[in-house]
Every structure is written in structure tokens, then in C-alpha cells.
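Before any comments, here is the structure.
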Amino acid sequence: MEFECQVSTEVSKNLIDCVDNSFGQQSEPNQFNSKLEAENFGISEQTSDSYTEKEKIALSKPTLTKKPNSDSCGSKQFLSSDVVLNSHRSITDLPPALLSEILNFLDPKELGMVSCVSTYLCRLASEHHVWKDFYCERWGNSTVPTSLGSGVSDEMSWKEFFVEREFRSKTFMGRYSIDVMYGHSEAVLTVFLLASAKLIFTAGYDQTVKMWNMEEGLLIASSRSLGCTVRAVAGDTKLLVAGGTDGFIQCWRAVEGFPHLFDIKGPQNQNTEFRLWEHEGPITSLALDLTRIYSGSWDMTVRVWDRFSLKCVKVLRHSDWVWALVPHDLTVASTSGSDVCIWDTSSGRLMTIIHSAHVGNTYSLARNHTGDFLFTGGDDGAIHMYEITSHGLETNALLVATWAPHSGCVYSLAFEFPWLVSASADGKLALIDVRKLLRTRKHDSGKRFSCVKLVDRSSVEPPQRMLHGFGKNLMSVGIGADRIVCGGDEGVVRIWNFTEALEIERRVCALRAIRLENRMRRRKLHLENSSKGSRNDQCSVAAKKNPVTGDRSGWHSKRALSGKLKS
């Protein structure tokens, strides 16, 4: 980065003449300070806004400049000591606002590297507001902690929360325990993990919706029979919805003061329980956001419902059965046979379509929190990753990576940064880390977004981990709160619990910190001993040059001789 010196035009002209006349004989490379005292030249301190090309060349020349004389500048007298010339300038000399704007263009790893340079940059990088953007980009606003703590600024806490979540995401490669929950009498077709409330909802062929305690793995409540197979469940802390093969959406509102949010076990209550009817076929997929309910069906439609008026506000018609859908903001992605469609829900316009995304049907979809990436799974056992880009009214889907970890259909996908989890008919779960494929950029408008690195699709790493344990079809999977939940044809729900790995990793980090502290203490002690040894060596050298021994025979002999002379 260059820093232009601001001096008067007359000063610049004098400098040019001085340098041209005096530096042909003697020079020494250095840099000019931005402030030169004008009284050494006997001129005013008017600041010039720009330099000519010759002036820039003169300013970049060496700094041993002769002081201009009133008669001529060719005299060989040097500038007085009043002109102080600095040798270098650091980036920390920039105004804090400008430096903060520069740091705003860095990703988390680069910010961490900057914080290791100096104490000042460490404080500036740690307190930067961009950590909140990083957190929301990766894990969404729904997972934002409600309490940021007391006595600590929001920016500092956002960095701490980001580092904590990043640390927890690594535990899925560690040790785990499996909890098996029994309660369904037939196959489990859908599972939904509500991590914020520590609840798990499951449903299937036995026509009931069951609510489980995520921490203890115990059944909390079971709904009465809905009269048909339940293929989809979704919810948040205010509303729970379940879709049946009879074409209705069963809804439960959260009960204020109820310990587990929803009273699905009690008798039907019109204030807290209701149904939405309009689909003409089985409902296969459901999703919620803050204002809308999304439902997909084998009647080849996706319907968008208003959560407050409970009316269908938009119908998106497809050419084949809808197996899955995933909304983001004002768009929704849905499957139609083997194709994948992306719709604008406000206008009902088809933005783009991915033809024949899989060989056979496309059964499952997942999307990251920013909506930039779409994951698909289908009949061929493959998993595709697409990057969604928009330029005005034009939307494109670019194939980024493909994995083929399964020998059966991929019925379900779930994503929590950076892990993509797939459930397949071969009875296996695949864990894929997409972190190495992504990088963070920033729009001109200031909004941060993730984009794909330029990688060869043939060199994409295989899944980092495969989880086994089922002998039959896995129909649904969910991920969150250091856990992976899945259900299938066996009629049981399994929870892969990685909290043990989290505790082990924390103990390992604590031991590593203790070892580092002991190593630094030993090094400090060694340096102190070395410095003491060097002082002893210096004393021994001095003693050799000026020997002082206990032999005083010469001194005694002289005294004895003087005594004899006196006598």
C-alpha cells in the first residue's frame, strides 16, 4: 500500500531541483515522511492536491537531500536536523475505520492469521463485526444464541460463538455412541430434529407422530392415529406440521407454558390443532419459514400457505410427482420426477430447471443457509452439489461436485455446515465435508456469500465417513446438536451421539495447552540458565586476563626486603 506525501507545490519544486543537482554524486535509499517542515525552505504550508510525474519521481528518490539556499539550490549544505525522515510505515498506521474495512474482506482463517501478527491487530480482528456475518452465513439466524453474555461486547461474543461452533463441527469425525429408540410398530418414514427445543419428531406407517427427548432418548408423547400414513413432518418452536397420504396437513400450535411445546397427546382442541385441505394426493414433503408453510405432493403441485391466514397463496404445478422440497427466502427448490425446479414463490415463476439430475427419480434435496448451494440425491445412489447463481432475472445451476457413496437409492439428505449427511436404501449413512470446496466472498453491496473454489470434479474427495448399523432401507435423516438421527424400515429410530467425542476433544485441547505451557516454562528456564552461564564465562575470561591468585610471595618478599633495609 502506498502513502502519498502531502507538501506544498513549492516544496516539491525545490525538492526536484535539489535532487537533480545534488544526487548525481551521492544517494542512499529510504522513504520520505509524510510531514516536512516548510520553514526549512522559507515557504508557506499550503497543501497541494496532486503531483506531477516529475514530482512523484523526485519523492521516491533517496532522502539525503541538501537544504535549498535562497540564492540557489545547488549548494552542498545538507538539510538541518529539523527535517525528520521516517524509514518505514506499517499498516497499523492506517485509521482504524480504514483498517476495519480492509479486514472486512478477509475470511475467518485469514482473520485468524492477522490476529497473530500483533496485539493491536489481534484486538481489532477479534472485535470485528464480521464474525456475526460468518456465523449467520454458516448456521443461519435460527441457531443464533439468545444470550450473548454479560460484561462482554457482542462482537467478542460472536467470535467466541463462531469458534465454538467450528470446534463442535469437527467432532463428527470422532467417537460416538448409538441410542436406539423403540416405539413405532412399523417403518419410520420421516424424522425431524428440533435442536433448539431438544426434541425429535418421527412418523411413519403406524399413522402416528411421536415426540422424543433428544438428550435422554425417551418417548415423551404419541399422537392419536391420524388415519393414514404420515410421510412428512416439519416444525419450529411455534408450529408443528405433519402430512398424510390422505392429502391433509395436520397442524399443532405451541401451547404457552407447556413443558414440551406441543400437546400432541391430548384431545383435539380447535385452538391448538387444525388441518389444511387442498392437496389431491399424498403429501410427501413439508417445510416452514417465518411466514409460510410449504407442502409438496404426488398431485404434482407445491402449495405455499400463509401461516397467519392459513390460506393457500400460491400453487406451483409440476410435470411429475413431487418427492422433496426445500425453501430459502423467496425461492423454493423442488423435485419433479428426475428434474429439479427452482421457483420464485412471490410470482410463481419458474426460475430454472435442472433436467435429469439423476438417473431415475430425484428423491431428496438439501440447501445451505444462504441458499447458494443445492444438494440432490436420487435413484442412482449419487449425490450432486450445485451452485445457484442469479444475474438479474437469469438463474443458473452449476454442477460443482458428485459423490457416489451408496449402492441404493438416496432417500434423504440433511445439511449443517460443513456436513452433508445422506441416508440410503443400502442401510448406510455418508458424511461429506464440503468445507474444502467453498470460500467466502463479498458482494459490492457489502453482503457476504460463499462461492465454489475452482476444483476438478474428478478430484473431489470421497465421503469422510460412513456409518453402518441398519440392515434395511434408511428413509429419513436429520443432523444437529452434535447428533445424527435416522429412521427406516426396521421401525426403530437411531441416534448417533457425538457429544462424547466433543468432551474427549476438549480434554485433548486442555492437555495440549498444559504441555505447551510446560514447554514454554522449560524454555524460559533454559534461557535464564544460559544467560547465567554466559555471565560466568565472561567472568572466567576476565579472570584469565587479570589473574588474582592466593600467591602473595612477591608482595611478602618486598615487605621483608624493606624491613631489612630499615633495620
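The values are calculated or read from the model by the stated rules, or taken from the named source; none is laboratory data. The structure displayed is predicted, hence computed values, not measured ones. Positions of Cβ are backbone-derived with ideal geometry, glycine not excepted, and every protein chain shown enters the neighbour counts. Just the protein is used for accessible areas: all its heavy atoms, side chains included, with ligands, DNA and RNA removed. Shrake-Rupley method; radii C 1.70, N 1.55, O 1.52, S 1.80 Å.
Express the carbon and sulfur contribution to the solvent-accessible surface of the range 293-432 as a percent, rounded to the nearest whole number, probe 1.4 angstrom.
It is 52 percent, rounded to a whole number.
With every protein chain present, what is the per residue accessible area of the range 209-366 (1.4 Å probe, Å²)?
43
Under 1.5 on a/c is rounded, so check that first for the range 314-443, then, if it is not, pick prolate when a/b is larger than b/c and oblate when it is not; a ≥ b ≥ c are the square roots of the alpha carbon gyration tensor eigenvalues.
Since a/c reaches 1.5 but b/c is at least a/b, the shape of the range 314-443 is classed as oblate.
In µm²/s, what is D for the range 224-332 at 4 °C and 1.567 mPa s, where D = kT/(6 pi eta Rh) by Stokes-Einstein and Rh is the Kirkwood radius from Cα pairs?
The Stokes-Einstein estimate is 92 µm²/s.
Hey, which of these cross-link pairs are over 23 Å Cα-Cα: LYS198/LYS265; LYS170/LYS524; LYS238/LYS265; LYS109/LYS132; LYS238/LYS428?
Flagged as over cut-off: LYS170/LYS524; LYS238/LYS428.
Please give the net charge around ASP380, taking every other residue with its beta carbon less than 15 angstrom from that of ASP380, where Lys and Arg add +1 and Asp and Glu add -1.
Value of the local net charge: -3.
Just the number, please: carbon plus sulfur as a percent of the accessible area of the range 453-531, 1.4 Å probe, no ligands or DNA/RNA counted.
54
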